[in-house]
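Student: Structure provided below as structure tokens; questions to follow.
What follows is calculated from the coordinates using simple rules that are stated; it is not laboratory data. Not measured: the values here are computed from a predicted model. No Cβ is skipped: glycine too gets one built from the backbone with ideal geometry, and neighbour counts run over all protein chains shown.
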Amino acid sequence: MTDSPQPDDESDEESSPFGPFIDLPGLSNIDWSAIDFSQVVRLLESSGPVNWQVARETAYLVATEGKPEPSITSATTSSLEELVRAAQTRIAVETGLAATFVPRVEVLDRRGWVDRSEQALRPVLEALASRFGDVLRTHGALEFEIEADAEDAQALEAATGGLLRPEMLAQLLPQLAPLLFGVQAGSMLGALAQHALGRYDWPLPESDAPTVAFVATNLDAFEAAWSLAPTDLHFYLALHEVVHAAQRNVPWVRERLVRLATEYVSAYDLDTDALGEVFGDLDPTDPEAIQRLTEHPEKLLGAMQTASQGEVLGRLRVFHAVLEGYADVILDRIGRPLLSTFDQIHEAMRRHRIERGQAERFVESLLGLEIDRLDLELGERFCLGVIERAGMEGLDRLWTGEEMVPTRPELEAPGLWLARIDLPATPPAV
């Protein structure tokens with residue numbers, strides 16, 4: 001097996017997932033004496049908590065690195081569609097989950113992945129951005145003092161024709177929030193688009209109807225990096241995508257993912273002491289000060305994290321472990337007998353899910369998507385334990401209602417879950 005590709009070492013500044021903010025015209029290395037304020041007004045215009053135009057353009061830039069993408073051939077699309085149909089048939093036979101579910105298949109480039117994911121993640125990202133804006137507004141009202149001596153203040157006012165004074169920057173921050181978060185959201189989406197093989201690489205809290213999607217460029221790169229047979233990998237991924245799409249075709253599953261993620265991001269709150277440390281060194285006469293604030297968003301988020309998020313995070317991790325564990329069990333039951341390269345692909349995919357870059361790690365902590373290898377193994381052991389005691393039909397009771405989601409102790413001891421839902425503790429007669 002080929003070793004998993006490792007990213008080149010980079011400095012903190014170069015590896016910041018929000019580095020593209022530096023390159024946006026009119027926002028870095030600003031010459032205040034020559035600034036076109038009409039362009040600034042257009043950048044600040046937003047009908048909601050996220051400037052989605054800025055987010056989209058930033059995401060495209062990060063996803064493609066400014067280079068043209070190879071075209072997707074009709075042969076690639078047809079082959080993947082055929083494999084999805086075969087996967088759906090196999091899964092419908094193995095479980096009751098996909099019996100009536102016929103997914104729509106999308107074969108995308110990275111820009112297409114950005115477009116689809118932007119729409120699907122809007123509710124959660126806008127909830128987070130609203131909270132982000134609330135914090136900035138609260139901070140502006142709570143002792144946000146910008147220190148500047150008279151000479152610096154006069155220099156800033158002179159450079160901007162009297163349009164800006166140091167104390168005005170505190171009032172400007174809330175107005176900048178949609179722009180700043182647009183850059184951040186776009187940078188995250190673009191980085192994820194560079195990495196994603198399919199729609200369900202991550203348990204993202206997406207609100208739209210489930211589909212099966214593949215990112216063709218990334219499939220080719222992943223095949224080459226791991227020396228995998230394309231057809232085997234594509235069938236494995238088709239199984240993976242169909243299982244996850246079928247899970248989300250259960251309405252309460254999709255609703256729970258969105259609700260928990262929204263609850264998590266809405267629980268961010270203001271710690272004035274910690275936030276004071278973040279903003280304490282902000283120099284209003286330095287045009288790059290606000291820009292630098294966006295380059296390390298984890299500092300701001302760290303000042304906003306609350307104890308109540310821990311309980312939500314616990315429920316998210318258990319639910320994600322169940323979803324991923326169930327998918328891995330189905331993949332093993334169907335894929336292993338059919339694919340001689342199953343173990344090689346399975347290990348490559350596990351490392352693909354766990355070994356994230358800086359942007360992916362930020363997304364995971366931002367939305368509560370912190371799944372490590374232990375979570376994946378725990379979810380798989382839970383599902384295998386239920387099948388051993390109650391068969392596949394017993395495990396499929398998971399999807400009958402939200403009350404069937406196991407607690408953490410039940411995830412660790414499947415017998416407790418079976419006892420709670422009143423299933424027999426022995427396999428049914430064949």
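Student: Along region 396-412, what does the Karplus equation 6.51 cos²θ - 1.76 cosθ + 1.60 (θ = phi - 60°) give for ³J(HN,Hα), rounded to whole Hz, x for Gly and Pro?
Tutor: Result, ordered by residue: 5, 5, 3, 8, 7, x, 5, 5, 7, 5, x, 7, 4, x, 5, 5, 7 Hz.
Student: For labels at VAL102 and THR89 in the simple 7 Å Cα→Cβ model, what's the distance in nm?
Tutor: Here the modelled spin labels are 1.4 nm apart.
Student: If Lys and Arg each add +1 and Asp and Glu each add -1, what is the summed charge of the other residues whose beta carbon sits under 12 Å from the beta carbon of ARG317?
Tutor: Surrounding charge for ARG317 is -4.
Student: In sequence order, what are the phi-derived ³J(HN,Hα) couplings for region 214-231 according to the Karplus relation 6.51 cos²θ - 1.76 cosθ + 1.60 with θ = phi - 60°, rounded to whole Hz, with x for glycine and proline?
Tutor: With coefficients 6.51, -1.76 and 1.60, one gets 10, 9, 4, 4, 6, 4, 4, 5, 5, 4, 5, 5, 9, 6, 9, 6, x, 5 Hz.
Student: Right, another one. For region 77-90, take each phi angle, set θ = phi - 60°, evaluate the Karplus expression 6.51 cos²θ - 1.76 cosθ + 1.60, and give the result in whole Hz per residue in order, putting x for glycine and proline.
Tutor: Each residue's phi maps through the Karplus curve to give 4, 4, 4, 5, 4, 5, 5, 5, 4, 5, 5, 4, 4, 5 Hz.
Student: A further question on this structure: May I ask you to sort TYR200, TYR268 by Cβ crowding, counting other Cβ atoms within 10 Å and putting the fewest first?
Tutor: In increasing order of surrounding Cβ atoms, one gets TYR268, TYR200.
Student: Only four residue types carry charge here, +1 at the Cβ of Lys and Arg and -1 at the Cβ of Asp and Glu. Report the dipole size of region 43-137 about the Cα centre in Debye, rounded to the nearest 20.
Tutor: 140
Student: What spacing in nm lies between the two simple spin-label points modelled at ARG397 and LEU384, each 7 Å away from Cα in the Cβ direction?
Tutor: About 2.2 nm, to one decimal.
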